Amino acid sequence: MVRLGMIPVVFVAALWASTPGAASAPGLAQARDLYQRTDYEASLELLLSSGDKSQDVLELIGQDYFMLGEYKKATDALDHALALGKGSADLYVWAGRAYGRRAETSGPFSAPGLASRARKYFEAAVQMDISNKEATGDLLDYYLDAPGFLGGGLNKAQDLAQKVLAADPAEGQHMLAVLAEKSKDYSIAEAHLRRAIDLAPKQASRVMELARFLAKRGRVKESDGLFDQAMRMAPQDRSILFYRAQTYIEGKRNLNDARAMLQTYLKSPLSPSDPPRERAQDLLSKANSISNSAPE
């Protein structure tokens, strides 16, 4: 991982650490800027050097550890942050994600307890803020993927979708589409996706969701038209390049276009909310593999 500006960052961090009260404001702001530029190592080093143990700092430390794949350290920092008092819904989301990843990477004896803890954090986040898309999305995924003895289940997912529908109709329609697709009710799923677009006509992500769905159904001409529409609506949204390339590669078509999109994506300044570069590189390798294995 490239560590942008590491030498000046460490130098400034040392100055802040020696100045009473200074690290809690400029140090955190600098660390957040590094995090937003996906320089998680530099962000973490700056935070650890500051000696600041406030809730906001501990939350960002946990996020940095999470993005670096250090899930145990992430849960330690996030639990410490939660112990300091009532946290935000986002804090509970990150704690849930960290415990979820620990569950995915743990043995059969510890995984159930870790997964249940992740669910409780996601549920707490949703209870705090039903409009938080990260919270509701992660909880929906949990309910759909986890077995009943770990608190998952289709009924819970359906109840959650109805609650979200009342608070955010477009997002609720998207969730209902996910549920319908899982049940292989594809016409119902499409109807929900189109309704989401009607309810949020300026959100390019809604158009992109329908484009990806139609591609999986083999309706590639319609899908390509919708991807074009999404890119016109949000030309600066780098994720559209990624997901369009992914859709092409999954369909084993337009591979040259997919490679060009991924190369552009990899050269772009990404944020933590964008698919990571590693996923784009994996897709690029997959596209090359498909091309090399194609008959002459």
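The values are calculated or read from the model by the stated rules, or taken from the named source; none is laboratory data. Please read all numbers here as calculations on a predicted model, not as lab measurements. Every residue, glycine as well, gets a Cβ built from its backbone with ideal geometry; the counts of neighbours run over all protein chains shown.
Remarks
- Cβ-Cβ under 7 Å pairs, at least 6 apart or on other chains, the stretch 70-87 side under 17 Å from L48 (Cα atoms), far side at pLDDT below 95 and surrounded by fewer than 16 Cβ atoms within 10 Å (Cβ to Cβ): none
- Every pair of residues 6+ apart whose Cβ atoms lie under 8 Å, when the first sits in the stretch 89-116 and is of a type in the set (V, I, T) while the second is surrounded by 19 or more Cβ atoms within 10 Å (Cβ to Cβ): V93/Y121; V93/F122; V93/A125; V93/N132; V93/A135; V93/D138; T105/Y71
- Qualifying positions in the stretch 257-282 - buried (at least 17 other Cβ atoms within 10 Å of the Cβ), in contact with a Lys or Arg (Cβ under 9 Å, 6 or more places away or on another chain), of a type in the set (A, V, I, L, M) and assigned to a helix (DSSP H, G or I): A258, M261
- Selection within the stretch 25-65: residues that are among the acidic types (D, E) and in a loop (DSSP other than H, G, I, E, B). The member of this set that is modelled with the lowest pLDDT is D52.
- Output for the stretch 127-148, where each listed residue is outside any helix (DSSP H, G or I) and within 22 Å of S88 (Cβ to Cβ): D129, I130, S131, N132
- Residue check, G96 at pLDDT 95 or above, part of a helix (DSSP H, G or I) and within 16 Å of the chain's Cα centre (by Cα): yes
- Hey, E45 free of Cβ contacts under 8 Å to residues at least 40 places away in the same chain and more than 17 Å from the chain's Cα centre (by Cα) or not: yes
- Counted residues, the stretch 208-224 - those being outside any loop (DSSP other than H, G, I, E, B) and touching a helix residue (DSSP H, G or I) at 6+ places or on another chain (Cβ under 7 Å): 10
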